[in-house]
Structure formats: C-alpha cells, structure tokens
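Undergrad: Below are the structure tokens for one structure; questions will follow.
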Amino acid sequence: MPSITFSIRLDSELKKQSFEMIESYGLTPAQAIKMFLTQIVQTQSIPLSLNYQNPQAEETANSQNSEENSLATEAQNQFDN
C-alpha cells in the first residue's frame, strides 16, 4: 500500500507536551497516530471518551444540588418541629 504524507497544524505547546508523552511510551508520534487511526478503522469508533462535562456546568449542577438539599433539610426540620 502506498504511503502518503499527512500534515496538521497544532499549537506548539500541545505538540511539545503530547510528543513528550508519546515518546515516554517508546513510540514515535507517527507510530502513535497510526495506532490511533488503526483503532478507528478496526472498531468503527473513535477510541476516546468524548463524554466530559464543562466545569461551569458541573459547578451549576453542584450548586443546584446544594440548594435542593438545603430545601429538603429545611422542610424536614419544619416537619419535625
């Protein structure tokens, strides 16, 4: 199968940090990218967790839970008295 050259643009700090991590596993960046693409083909999915929550949304949810807990405690206290 013929090879092609693939180039991407990325932030220099992202490149530095990610390449250091890849190399710490004894891989070249090209090997890591080939492994990633091979996994996509073999599994027909992206081998990453794309389920993450925005920290701001998480903070809002925690705040709402705190308010709900306070209301429940207040209601329980009124019932007990």
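Undergrad: If packing is taken as the average number of other Cβ atoms within 10 Å across a peptide's residues, how do 8-21, 31-44 rank, most packed first?
TA: Numbers: 8-21: 9.6, 31-44: 11.6.
In descending order of packing, they fall as 31-44, 8-21.
Undergrad: Also: For Leu27, what residues show an amide H to amide H distance below 5 Å, using hydrogens built from the backbone and excluding near sequence neighbours?
TA: none
Bear in mind these aren't lab numbers, they're just calculated from the coordinates by the rules spelled out. None of the values given here were measured: they were computed from a predicted structure. Reconstructed Cβ throughout: ideal geometry from the backbone, glycine too, with neighbour counts over all protein chains shown.
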